[in-house]
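Asker: What follows is a single structure, and I will ask about it in a moment.
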């Protein structure tokens with residue numbers, strides 16, 4: 001992409017950030033839970049991000065039930081299994097083990113940040129060390145727990161990178177609780193919206209997925225904003241979720257409020 005085109009993209013991203021990056025739009029995102037539920041914000045955020053797979057209606061339905069049953073204070077969690085508390089790949093036993101894991105980890109370390117710090121995992125490049133230490137506190141890792149808390153490798157690790165964005169960045173949407181974590185090292189969480197946009201801009205091919213695609217996408221955003229490459233994640237995904245943007249010119253553009261400034265139209 002030539003420099004003139006990058007400038008156009010940057011200006012559009014800044015416009016979207018000023019338009020969408022406020023709490024009026026959090027209802028369409030799992031980040032609504034650490035904003036709306038009182039309790040330990042870090043724990044609520046990690047739980048919301050970890051179970052954020054599937055459609056938003058199912059995610060929210062499960063998480064509301066989870067926090068109502070288990071609680072939002074990790075030091076006082078209800079760790080008993082419930083017949084009504086399971087989610088897709090996680091059985092009721094998996095959910096109970098997750099709660100026990102969180103309770104034990106908070107009792108030992110005081111916070112997830114302290115666990116990741118203990119593991120020397122305060123950058124995205126070393127974050128796998130924190131997940132490995134976290135998983136070491138589980139007696140038996142089932143398929144459901146392995147899916148819930150995967151060790152970052154060749155996959156896109158979208159849920160983990162999304163959680164890190166919430167914890168490390170600080171603005172009206174993100175919380176900035178993890179001081180000392182390198183914000184410049186954040187990867188762009190690569191959901192279907194980000195991948196579609198990136199393919200349409202020629203940053204990746206339409207078939208590219210996994211960590212390789214994440215790194216390419218992140219490097220592009222670093223070329224626009226080296227200090228804060230994950231800044232535009234929430235606003236860009238709202239463009240797709242709220243405005244139904246396909247990140248390309250089509251009939252949807254005709255009724256879009258962003259039509260006059262959009263780089264895709």
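The values are calculated or read from the model by the stated rules, or taken from the named source; none is laboratory data. Worth saying up front: this structure is predicted, and the values here are computed from it rather than measured. All Cβ positions, glycine included, derive from the backbone under ideal geometry; neighbour counts span all protein chains shown.
Asker: When only residues in segment 138-153 that are more than 17 Å from the chain's Cα centre (by Cα) and farther than 16 Å from residue 46 by Cα count, which is surrounded by the most Cβ atoms within 10 Å (Cβ to Cβ)?
Answerer: Looking at the filtered set, the residue picked out is 144.
Asker: Taking residue 12 as the residue in question, decide whether it is assigned to a helix (DSSP H, G or I), over 21 Å from residue 244 (Cα atoms) and out of contact with any strand residue (DSSP E or B) (no Cβ under 9 Å at 6 or more places or on another chain).
Answerer: Criteria not met by residue 12.
Asker: Follow-up question, since we're still on this one. Would you say residue 218 is crowded, with 17+ Cβ neighbours inside 10 Å and either farther than 19 Å from residue 264 by Cβ or assigned by TED's automatic domain parsing to the domain that holds residue 110 (or both)?
Answerer: For residue 218, the condition - crowded, with 17+ Cβ neighbours inside 10 Å and either farther than 19 Å from residue 264 by Cβ or assigned by TED's automatic domain parsing to the domain that holds residue 110 (or both) - is met.
Asker: Looking only at segment 202-215, filter to residues that are without any contact (Cβ under 8 Å) to a residue 40 or more places away in the chain and either loosely packed, with under 13 Cβ neighbours inside 10 Å or touching a strand residue (DSSP E or B) at 6+ places or on another chain (Cβ under 7 Å) (or both); which one of those is farthest from residue 264 (Cα to Cα)?
Answerer: The qualifying residue farthest from residue 264 (Cα to Cα) is 207.
Asker: Next up: Collect the residues in segment 227-254 that are free of Cβ contacts under 8 Å to residues at least 60 places away in the same chain and either touching a helix residue (DSSP H, G or I) at 6+ places or on another chain (Cβ under 7 Å) or assigned by TED's automatic domain parsing to the domain that holds residue 161 (or both), keeping them in residue-number order. It would help to see each step written out before you state the result.
Answerer: Within segment 227-254, the subset free of Cβ contacts under 8 Å to residues at least 60 places away in the same chain is 227-229, 240, 243-254.
The answer is 227, 228, 229, 240, 244, 245, 246, 247, 248.
Asker: Restricting attention to segment 206-230, report how many residues are assigned to a loop (DSSP other than H, G, I, E, B) and modelled with pLDDT of 95 or more.
Answerer: Summing the residues that are assigned to a loop (DSSP other than H, G, I, E, B) and modelled with pLDDT of 95 or more in segment 206-230 gives 6.
Asker: Which of the helices (runs of 4 or more DSSP H) contained wholly in segment 69-163 include at least 3 residues that are without any contact (Cβ under 8 Å) to a residue 24 or more places away in the chain?
Answerer: Helices (runs of 4 or more DSSP H) meeting the threshold: 92-109, 112-118, 127-135.
Asker: Does segment 20-37 contain at least one residue that is in a helix (DSSP H, G or I), assigned by TED's automatic domain parsing to the domain that holds residue 145 and under 16 Å from residue 95 (Cα atoms)?
Answerer: The answer is no; no qualifying residue exists.
Residues checked against (1) surrounded by fewer than 19 Cβ atoms within 10 Å (Cβ to Cβ); (2) assigned by TED's automatic domain parsing to the domain that holds residue 167:
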site	(1), (2)
6	yes, no
11	yes, no
18	yes, no
40	no, yes
47	no, yes
51	no, yes
55	yes, yes
58	yes, yes
61	yes, yes
